[in-house]
1. Taking interchain pairs and intrachain pairs at least six residues apart, which have beta carbon atoms under 7 angstrom, with the first residue in the stretch 175-188 and touching a residue at least 12 places away in the same chain (Cβ under 8 Å) and the second buried (at least 19 other Cβ atoms within 10 Å of the Cβ) and polar (S, T, N, Q)?
2. Considering only the stretch 394-445, how many residues are assigned to a helix (DSSP H, G or I) and open to solvent by 60 Å² or more (accessible area, probe 1.4 Å)?
3. Looking at F354, is it in contact with a Leu (Cβ under 9 Å, 6 or more places away or on another chain), buried (at least 18 other Cβ atoms within 10 Å of the Cβ), part of a loop (DSSP other than H, G, I, E, B) and not acidic (D, E)?
4. Cβ-Cβ distance below 8 Å, separation of 6 or more or different chains: which pairs start in the stretch 323-338 with a residue that is basic (K, R) and end on one that is surrounded by fewer than 16 Cβ atoms within 10 Å (Cβ to Cβ) and modelled with pLDDT of 95 or more?
5. Out of F381, F377, which single residue is in contact with a helix residue (DSSP H, G or I) (Cβ under 7 Å, 6 or more places away or on another chain), surrounded by 16 or more Cβ atoms within 10 Å (Cβ to Cβ) and of a type outside the set (S, T, Y)?
6. If I filter the stretch 237-247 down to residues being touching a residue at least 60 places away in the same chain (Cβ under 8 Å) and farther than 18 Å from Y130 by Cα, which single residue comes out as least open to solvent (accessible area, probe 1.4 Å)?
7. In the stretch 177-219, what residues are β-branched (V, I, T) and either under 21 Å from the mean Cα position of the chain (by Cα) or open to solvent by 20 Å² or more (accessible area, probe 1.4 Å) (or both)?
8. Among the residues of the stretch 274-312, write down those that are assigned to a strand (DSSP E or B) and β-branched (V, I, T).
Amino acid sequence: MAGGLHSSLRPTPPSSSSSSFTSRLLLMLTILPLTLAAFAFVLQWRGGLTDPTTRWSPDPLFPGMDPSGTVRSSAAASSDCVDLLGRSRSASFPYYRDWKFSYGSDLRPKLCITTSTSAGLEQTLPWLFYHKVIGVTNFFLFVEGKAATPSVSKVLESIPGVKVIYRTKELEEQQTRSRIWNETWLASFFYKPCNYELFVKQSLNMEMAIVMAREAGMDWIIHLDTDELIHPAGAREYSMRQLLAEVPGNVDMVIFPNYESSVERDDIKEPFSEVSMFKKNYDHLPKDTYFGNYKEATRGNPNYFLTYGNGKSAARIQDHLRPNGAHRWHNYMKTPNEIKLDDAAVLHYTYPKFSDLTSRRDRCRCKPTKEDVKRCFMLEFDRAAFIIASTATEEEMLHWYREHIVWTDKAVNAKLLKKGILTRIYAPMVIVQELRESGVFTSVVAAAHTNLSKDEFLSSIESSNTSRGIESRGISSRKIGNSGESQATARKVLETALTDSYAVPPLSPPSMKDIHLDI
């Protein structure tokens, strides 16, 4: 008995107790994570849990955006660029739903772009939606040629924030009675063909756009061509709205120096999504760097840039504002206070496609002689390109294009990139590529054409830029002011301040002959 009791009270061997505890622990460690995972899944499914990675991680930045690496606020995280590309849950630009949106009244400042264009959708849509991404709210498009045909204009009119104005006979008659036409500051450009005529049209259109901008409640206006993109570098976000919001209130105008595209191939089809190398403006380079590399940067062309080098400007909407040519704005009653930006620029895609040689030639009816082209073109390179396109064979044109426009020498490119003359800018390329791959352009075209009749659509495709096709839309092909009798005698100087400030034409950058050494 005693022996049996003693046996029953004998302790359990240590090995058996340890094995049991280990088994229980392993079971708990297995069940606990599964339970927590299931609980988290239920909460997240019901909307009760916020993923900390989505809450605190900054949005991916495009090249050219704020390089500081700091985490942006929730307001900054929902920038226009991310909205349009479909990478944000913000509903500011919900293009992926019904392509309709309303601009919030708190989005300030409001910026609009005005342009005069004859380009097709393949150029206009990437240009337009890129600028929507960086914060432009309204567009005033003065259209003619291909841009005024039904298949193109119907699409443009369907895009929120876009106003299309056709060059009709009534419009031209209205403009010949405008204040600009009856003053002297633009008079030296009147009654001349091609680029001079375009320059006058642009100025008259800008005058009308100011009125439209005021009615639409805009704060800023800028004139751009459809081969130019704003590059809002220097702002905390890649945003024109952010850039202009930081401009002091006493500033009337902001100058964007222009960079010029430097294409590396002769088979570019879509410049905005294929070109990343640009030549910097004189204003953004040290003087020694600019003139020290002038010969290599010019490559035998007439000037450092192929075309203009005096940039474009944005103007604050205010009383007495007027254009001062296509590149600047002015004010009838005061000398505007203007600043020039140190980082932001206008990217000018200059002759990026080989076909640009013939398309420019086809728009101007001038004789291909050195004397006659001076009547048509303000800048030397445009004159030389017109003569080549009018007199050379296809093979000769391609050889000239490669020699004067395409940057094929990789060693020279690398040297000028290192010196800072050339620079890589990827943000516009990335944005336009994402827009195209996301189906933004095809969607807006398809949506517009559902409201276009079959017969009208087919006829618009078959139409060309002939004067007959243009007249069918009620668009006059006559030149500004050519209304039988000359109106030069009727032109007068109005008695207001500063009307003697002549229009600023497209100007070439400084050349070697402009160097002045201090003695």
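1. I180/S203; W181/Q175; L186/S203
2. Residues that pass the stated criteria total 15.
3. Yes, satisfied.
4. K334/H320
5. F377
6. Across the stretch 237-247, the extreme among qualifying residues is V247.
7. T184, I210, V211
8. none
The values are calculated or read from the model by the stated rules, or taken from the named source; none is laboratory data. Source: prediction; values computed, not measured. Note that we place each Cβ from the backbone using ideal geometry, even for glycine, and neighbour counts take in every protein chain shown. These accessible areas exclude ligands, DNA and RNA; they are computed on the full protein's heavy atoms, side chains included. Shrake-Rupley method; radii C 1.70, N 1.55, O 1.52, S 1.80 Å.
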